[in-house]
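**Q** One structure is given below, represented as structure tokens, and several questions about it will come after.
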Amino acid sequence: MRTAFPYSYRFLLALALVLPVPWAAAADAGPIVRIDTGSVSGVPNAQAGLDEFKGIPYAAPPVDTLRWKPPQPAAAWKGVRTADRFGPRCMQRPIYSDQVFHSDGMGEDCLYLNVWKPAHAGNGKLPVLVYFYGGGFITGDSSEARYDGASLAQRGIVTVTVNYRLDVFGFLALPALAAESPAHATGNYGLLDQVAALRWVQHNIAAFGGDPQQVTIAGESAGSMSVSALMASPLSKGLMQRAIGESGAVFGQRQPASRASAEQQGAAYMQHVGAHSLADLRAMKADVLLKACGDEGVTKFGPSIDGDLLPRTPAAIYEAGAQAHIPLLAGSNSQEQDWHALLGDKPPTPANYRAAVQREFGANAEEVLRLYPGGDEAEVRASGTALGGDRFMGYPTWRWMHLQYKTGAPVYYYRFEQPRPAKRDGSAGPDPGAVHSGEIEYALGNLDGNPIYAWTATDRGVSCVMEGYFANFIKTGNPNGPGLPHWPAVASQEGGLLRQAIGADTHSYIDRDAARHELLQRVDPDRQP
């Protein structure tokens, strides 16, 4: 028997047979958002109640004549651009074994960002987090699982992660580059990328439900250093209202290079690769330039006092109170480095420790030994770990915190103490302390994204507390909220400063390590290499 179909149904069926792909696409279409360069289609995460957008260009590809130039506006497109996968990671050498990337390859065309938002975010009212990855300014990518923004987005935060240029591509400085710059500046292209991303957020984040007047910038290690630099920069004033720094700031041994030093480094690199002009450098293949960065004698590239993004040293800017006067949440970990950083492969004996301190600090060695004593092996291990961690990230972070505190802005200072647990494969037991970068998964709610470790109920509890602090701070500028141990803002008390220990036993205490940091400020000052 022949079935009679209504005319309208037969028409739609015939149209579907003629145009099967568009009809299928319409049935499976993801969330679509209109931004200033065109429309983007994301991926719905129904289980989490989120919409996810990956690989959105926020600037033009910095290739060919745009290599070593400030980021330029992204080109507009027609139709709907699919934003369902991470863009390529920026050019970088494989440095750290714990980095697992999910990016779409690697290349100079890498200026992309990602957005996680609640599915029903509304229009322009939710707080925004913009997160910058770590990696020493030579490696890193927003596609790493530890930076996934879904967990914070589930707490009502529009979360953005950003790629920025690295190594020689992000930080080469040359007089020829300054000569062609309208600002007469050179270097810091990776930091300028971050500024461009923040400007993109100002123009576009309301379309994702975010409030451009409630932006928190955050990062770990080089990302934290970036946050401290952006707070100092006149180029990013007004682009953020709060800041979070995890283990790092542009002070002490992390102080940016002087412009003269950076330009000398650039000239030496140019000679090393056999280029005779800026045009020669721009004509060279990216992988050749990258490989040369690992050659013996080539100095590591990083931020410098470029004359534009950083018109003066960060220390001078902060000491003058010219930085952004915004709430800051910052801290470091209990084991940023261990005693091996000072002693190498030598046994941790008092004699070896004293000799190492004398070699490093010369006439100031006795004062260092008084605050970091090494009378027996156990004390050498403890003091060596404290000294190594302070010089590496503890002191720079303290200096940043203290200078911001002096402006009268609300500051919340933490010490992360939770060691990572044993590895699932049994190859290693728990870490002895909270190592550098070990807090990221806890803070961003991404323990499950790292299958290497056998996370315990205690770890999950610590993550819930730390992520809760972060979420509250992003929303209000204050980390406190229901169900969390009270965290007092930094204030003087009984000869120290109030600080929050975050770990299995989260509590506030009086930090009296200022004498150690003040010593390092005198003997290991904010110097420019």
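The values are calculated or read from the model by the stated rules, or taken from the named source; none is laboratory data. The shown structure was predicted, so the numbers you read here are calculated from the model rather than taken from an experiment. Cβ sites come from the backbone with ideal geometry, for glycine too, and all protein chains shown count toward neighbours.
**Q** Would you call LEU126 aliphatic (A, V, I, L, M), in contact with a helix residue (DSSP H, G or I) (Cβ under 8 Å, 6 or more places away or on another chain) and touching a residue at least 24 places away in the same chain (Cβ under 8 Å)? Let's see the steps before the verdict.
**A** Details: aliphatic (A, V, I, L, M): yes; in contact with a helix residue (DSSP H, G or I) (Cβ under 8 Å, 6 or more places away or on another chain): no; touching a residue at least 24 places away in the same chain (Cβ under 8 Å): yes.
Here the answer is no, as LEU126 does not meet what is asked.
**Q** In segment 98-118, which residue that is within 27 Å of GLY156 (Cβ to Cβ) and either of a type in the set (Phe, Trp, Tyr) or at pLDDT below 95 (or both) is surrounded by the fewest Cβ atoms within 10 Å (Cβ to Cβ)?
**A** We begin by selecting, within segment 98-118, every residue within 27 Å of GLY156 (Cβ to Cβ); these are 102, 112-118.
When the remaining residues are screened for being either of a type in the set (Phe, Trp, Tyr) or at pLDDT below 95 (or both), the result is 112, 116.
Values: TYR112: 28, TRP116: 26.
Residue satisfying both the conditions and the ranking: TRP116.
**Q** Can you find even one residue in segment 421-434 that is at pLDDT 95 or above, surrounded by 15 or more Cβ atoms within 10 Å (Cβ to Cβ), among the hydrophobic types (A, V, I, L, M, F, W, C) and not in a loop (DSSP other than H, G, I, E, B)?
**A** The answer is no; no qualifying residue exists.
**Q** Another question about this same structure. Kindly evaluate ARG512 against the criterion of being out of contact with any Leu (no Cβ under 7 Å at 6 or more places or on another chain) and among the basic types (Lys, Arg).
**A** yes
**Q** Then there's this: Among the residues of segment 114-131, are any aromatic (Phe, Trp, Tyr) and over 20 Å from GLY209 (Cβ atoms)?
**A** The answer is no, given that none of the residues of segment 114-131 is aromatic (Phe, Trp, Tyr) and over 20 Å from GLY209 (Cβ atoms).
**Q** In contact (Cβ under 8 Å) with a residue 12 or more places away in the chain, closer than 15 Å to GLY149 by Cα, buried (at least 19 other Cβ atoms within 10 Å of the Cβ) and charged (D, E, K, R) - does that describe any residue in segment 477-499?
**A** For segment 477-499, residues in contact (Cβ under 8 Å) with a residue 12 or more places away in the chain, closer than 15 Å to GLY149 by Cα, buried (at least 19 other Cβ atoms within 10 Å of the Cβ) and charged (D, E, K, R): absent.
**Q** Can you list the strands (runs of 3 or more DSSP E) lying wholly within segment 1-97 that have 3 or more residues being under 30 Å from GLY187 (Cα atoms) and either acidic (Asp, Glu) or at pLDDT 95 or above (or both)?
**A** Details: elements: 32-35, 38-41, 43-45, 50-57, 80-82.
Output list reads 50-57.
**Q** Also, quick follow-up: In a loop (DSSP other than H, G, I, E, B), surrounded by fewer than 24 Cβ atoms within 10 Å (Cβ to Cβ) and in contact (Cβ under 8 Å) with a residue 12 or more places away in the chain: which single residue out of ALA183, ALA206 fits that description?
**A** ALA183
**Q** Answer yes if at least one residue in segment 54-73 is under 26 Å from GLY245 (Cβ atoms), in contact (Cβ under 8 Å) with a residue 24 or more places away in the chain, out of contact with any His (no Cβ under 8 Å at 6 or more places or on another chain) and among the hydroxyl-bearing types (Ser, Thr, Tyr), and no otherwise.
**A** yes
**Q** May I ask you to list pairs of residues, at least six apart or on different chains, whose Cβ atoms are under 8 Å apart, with the first in segment 342-360 being surrounded by fewer than 20 Cβ atoms within 10 Å (Cβ to Cβ) and the second being of a type in the set (Lys, Arg) and modelled with pLDDT of 95 or more?
**A** ASN352/LYS346
**Q** Right, next: From the set of residues in segment 332-341 that are surrounded by fewer than 24 Cβ atoms within 10 Å (Cβ to Cβ) and small (Gly, Ala, Ser), which is modelled with the highest pLDDT?
**A** Only one residue tops the list, namely SER334.
**Q** Which pairs turn up if I take residues in segment 367-389 that are free of Cβ contacts under 8 Å to residues at least 40 places away in the same chain and look for partners that are hydrophobic (A, V, I, L, M, F, W, C) and surrounded by 18 or more Cβ atoms within 10 Å (Cβ to Cβ) with beta carbon separation below 6 Å, at least 6 apart in sequence or on another chain?
**A** LEU369/VAL357; GLY374/VAL380
Yes/no per residue for (1) surrounded by 14 or more Cβ atoms within 10 Å (Cβ to Cβ); (2) without any contact (Cβ under 8 Å) to a residue 60 or more places away in the chain; (3) within 17 Å of GLN253 (Cα to Cα); (4) touching a Pro at 6+ places or on another chain (Cβ under 6 Å):
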position: ALA283; (1), (2), (3), (4): no, yes, no, no
position: VAL288; (1), (2), (3), (4): no, yes, no, no
position: GLY294; (1), (2), (3), (4): no, no, no, no
position: GLY297; (1), (2), (3), (4): no, yes, no, no
position: ILE305; (1), (2), (3), (4): yes, no, yes, yes
position: LEU309; (1), (2), (3), (4): yes, no, no, no
position: ALA315; (1), (2), (3), (4): yes, no, yes, no
position: GLU319; (1), (2), (3), (4): yes, no, no, no
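**Q** Is it the case that some residue within segment 180-190 is among the hydrophobic types (A, V, I, L, M, F, W, C) and under 16 Å from MET401 (Cβ atoms)?
**A** No - not one qualifying residue is present in segment 180-190.
**Q** Restricting segment 235-266 to residues that are closer than 14 Å to PHE171 by Cα and free of Cβ contacts under 8 Å to residues at least 60 places away in the same chain, which is surrounded by the most Cβ atoms within 10 Å (Cβ to Cβ)? Write out each step before concluding.
**A** Applying the first criterion (closer than 14 Å to PHE171 by Cα) to segment 235-266 yields 256-266.
Then keep just the ones that are free of Cβ contacts under 8 Å to residues at least 60 places away in the same chain; that gives 260, 264.
On the way: ALA260: 12, GLN264: 15.
It comes out as GLN264.
**Q** Let me ask something additional. For segment 507-526, does any single residue satisfy the condition of being of a type in the set (Val, Ile, Thr) and buried (at least 19 other Cβ atoms within 10 Å of the Cβ)?
**A** No: zero hits.
**Q** Still on this structure: Looking at (1) farther than 19 Å from ALA179 by Cα; (2) surrounded by 20 or more Cβ atoms within 10 Å (Cβ to Cβ); (3) among the hydroxyl-bearing types (Ser, Thr, Tyr), can you tell me which one TYR269 breaks?
**A** (1)
**Q** Turning to a different aspect of this structure: From ALA196, ALA267, ALA279, which residue is under 23 Å from the mean Cα position of the chain (by Cα), farther than 20 Å from PRO314 by Cβ, aliphatic (A, V, I, L, M) and part of a helix (DSSP H, G or I)?
**A** Matching residue, one of ALA196, ALA267, ALA279: ALA196.
**Q** I'd like to check which helices (runs of 4 or more DSSP H) are fully inside segment 307-405 and have at least 2 residues that are of a type outside the set (Ser, Thr, Tyr) and more than 26 Å from the chain's Cα centre (by Cα).
**A** Numbers: elements: 314-319, 340-343, 350-361, 365-371, 377-389.
So the answer is 340-343, 350-361, 365-371, 377-389.
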